[in-house]
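The values are calculated or read from the model by the stated rules, or taken from the named source; none is laboratory data. All values reported here derive from a predicted model rather than from experimental measurement. Every residue, glycine as well, gets a Cβ built from its backbone with ideal geometry; the counts of neighbours run over all protein chains shown. Side chains included, ligands, DNA and RNA excluded: accessible areas come from the protein's heavy atoms. Shrake-Rupley method; radii C 1.70, N 1.55, O 1.52, S 1.80 Å.
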Amino acid sequence: MNAESTLVLRWSLLLVMAYLIQVGFLQDFRPLGVHLEIMLLLAICAGILGGSSRGAIVGFFAGLLNDLLLSGSLGISALCFALVGFAAGVLEDSVIRSSRLISMAIAAVGSAVGVLMYACLSQLLGAHSLSDPRLWLIITIVSVINGVLCLAALPLCRWAEGLGLNSRAY
């Protein structure tokens, strides 16, 4: 198996496992009634570790899987997650010295942007998501939780990227 095939296989395995966790466990675990977004987190972590193109590719496929869970239009999550994954890669590339705190900040801000972008695109397609009084609560909870969970997701994404499981080096 060549390196590219191994990379695709590892990312596919990680995405499927994250999807199963999202469907099996996190559907019932909703802090303050908010649906957690670990698929968005994987897109952001892929951008942080693999660059903008990896973030966009992983974000697209993570978004497609995420769209299977939602009742909205197919493809909105794919577009949002791809753009956020790309932006995370660009931000990480512009940082002179990366650290855990910077990675957490990128994950938190990227999560906020991803949720808000999803709400805006859904609004354009007829949903009333921007008028939801809980929108800012949702953005806050997803951002904080993804910022913290990024510390666990980055080593897994390092493995998928073929960089090993060393959690100290980002």
May I ask you to verify whether LEU41 is in contact (Cβ under 8 Å) with a residue 24 or more places away in the chain, surrounded by fewer than 19 Cβ atoms within 10 Å (Cβ to Cβ) and part of a helix (DSSP H, G or I)?
no
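Residue by residue, here is whether (1) among the charged types (D, E, K, R); (2) free of Cβ contacts under 8 Å to residues at least 60 places away in the same chain; (3) part of a helix (DSSP H, G or I) holds:
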| site | (1), (2), (3) |
| --- | --- |
| ILE48 | no, no, yes |
| SER71 | no, yes, no |
| SER77 | no, yes, yes |
| CYS80 | no, yes, yes |
| GLY85 | no, yes, yes |
| ALA88 | no, yes, yes |
| ASP93 | yes, yes, yes |
| ILE96 | no, yes, no |
| LEU101 | no, yes, yes |
Matching entry among VAL95, VAL90, VAL58 (being among the β-branched types (Val, Ile, Thr) and under 13 Å from the mean Cα position of the chain (by Cα)):
VAL58
Of the numbered conditions (1) polar (S, T, N, Q); (2) modelled with pLDDT of 85 or more; (3) in contact with a helix residue (DSSP H, G or I) (Cβ under 9 Å, 6 or more places away or on another chain), SER129 fails exactly one; give the number of that condition.
(2)
Across segment 108-138, which residue is nearest to the chain's Cα centre (by Cα) among those that are open to solvent by 70 Å² or more (accessible area, probe 1.4 Å) and without any contact (Cβ under 8 Å) to a residue 24 or more places away in the chain?
TRP136
With the condition kept exactly as written, say whether any residue in segment 93-103 is of a type in the set (Asp, Glu) and either open to solvent by less than 80 Å² (accessible area, probe 1.4 Å) or at pLDDT 95 or above (or both).
no
Taking segment 52-80 only, how many residues are open to solvent by 10 Å² or more (accessible area, probe 1.4 Å) and under 21 Å from LEU7 (Cβ atoms)?
9
Sort out which residues of segment 1-34 are part of a loop (DSSP other than H, G, I, E, B) and either at positive phi or free of Cβ contacts under 8 Å to residues at least 60 places away in the same chain (or both), and write them in order of number.
MET1, ASN2, PHE25, LEU26, GLN27, ASP28, PHE29, ARG30
Flag for LEU64 being within 15 Å of the chain's Cα centre (by Cα), of a type outside the set (Gly, Ala, Ser) and in a loop (DSSP other than H, G, I, E, B):
no
